[in-house]
Amino acid sequence: MSAPHILGSAVFAIEISSLQIAYGRLTAVHGIDIALTPGEALCIVGPNGAGKSSTLLAIAGAIRPRQGDISFFGTSIVRRQPEDICRMGLSMVPEGRGIFPALTVRENLMLGTFNRADRSGIADDLAMTLDRFPIIAERMHSPAGKLSGGEQQQLAIARALMCRPRILLLDEPSLGLAPMMTDRVYEALAGLKAEGLTLLVVEQSLSRALAFGDRVLVMREGVIQAQGSSRQPEDHASLEAAYFGFHERQNSHERSDAHERPATAERS
Ligand SMILES: Nc1ncnc2c1ncn2[C@@H]1O[C@H](COP(=O)(O)OP(=O)(O)OP(=O)(O)O)[C@@H](O)[C@H]1O
Ligand SMILES: [Mg+2]
């Protein structure tokens, strides 16, 4: 067995190498490399069809890549089942949240513990989660479908935390939310980041990604177009150019605002 890939003395939390994802004859992701250090918050932005969700789904084991490797704290997970990957400590909040509307808030939350048998640990985590999301605590016995979009997003994050992840993946957590609710969701994510959780977030807004992430990647048409540190002002310019440049070439008559993503590639 080869030694885990290390950065200095630390093993990468996630290391993706030469990842290719295809749906039949369509190649959605063309051999990308991404490495996340433990405790890092990495945001991926990019237009529709860029391959962002496909990348997250491949990490979580929900789709099998055509080529490449994905390792989690030094162990290859590329051929493992999603439930094994989850058990290892990788949790995902999917695009669209994946809430079961007819189940109660509590039942949705407990689905996050499907791989655990430690009752007292679950009770502790439930108490901590309800502390973190007071709105969820107030609605425990309501059908989840009665919650607002922002509350459902908080529930989806809360459920993902119930398996005590070492890494949390989130696919567009602000999608469809009012700005105030988006702020609330990101406040919760900032709390998790401050506690040292490793985060990989697909985000629609570049300005939000730069404000939240330690690092930002711009993905388009299955490749990483640019990447940079949110703390380096000179990186912002190249990220903005990669994010908006293509859009401007395609739609020279209209200017996209920094809070919207460029609508470019069409979904097939
Ligand atoms: N289940 C699928 N079957 C066939 N093609 C798919 C499937 N899922 C995604 N694709 C295609 O793969 C490409 C990448 O899609 P993906 O959903 O990963 O993009 P995305 O960056 O998440 O886009 P969005 O911003 O719209 O969520 C697109 O061309 C899409 O149409
Ligand atoms: Mg997507």
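Residues considered: PRO179, PRO94, PRO165. Largest GNM mean-square fluctuation over the chain, using C-alpha springs under 10 Å, is found at PRO179.
Taking N as the residue count of region 36-110, its C-alpha radius of gyration divided by 2.2 N^0.38 Å amounts to 1.25. Using the Cβ of GLN81 as centre and a radius below 15 Å, the other residues enclosed give a net charge of +2, where K and R count +1 and D and E count -1.
Three principal axis extents of the chain based on alpha-carbon atoms, in descending order, are 54, 50, 38 Å. Restricting region 57-129 to chymotrypsin sites (Phe, Trp or Tyr not before Pro) that sit in a DSSP loop and have at most 11 other Cβ atoms within 10 Å of their own Cβ leaves PHE114. Mean sequence separation of contacting Cα pairs (under 8 Å, at least six apart), scaled by the length of the chain, corresponds to a relative contact order of 25 percent. Taking springs between alpha-carbon atoms closer than 10 angstrom, which of SER229, SER54, SER174 fluctuates most in the Gaussian network model of the chain? Ranking SER229, SER54, SER174 by mean-square fluctuation puts SER229 first.
Seen from THR55, the other residues with C-beta closer than 14 Å to its C-beta sum to a net charge of -4, counting Lys and Arg as +1 and Asp and Glu as -1.
Measuring spread by the Cα atoms of region 137-249 yields a radius of gyration and Dmax of 15.8, 51 Å. Taking square-rooted eigenvalues a ≥ b ≥ c of the alpha carbon gyration tensor, is region 63-217 rounded, prolate or oblate, where a/c under 1.5 means rounded and, failing that, a/b exceeding b/c means prolate? In terms of gyration-tensor shape, oblate.
A short reminder: the numbers here are calculations on the coordinates, not readings from a lab. None of these values were measured; they are calculated from a predicted model. Counting neighbours? That spans all protein chains shown, and the Cβs are built from the backbone with ideal geometry, glycine included.
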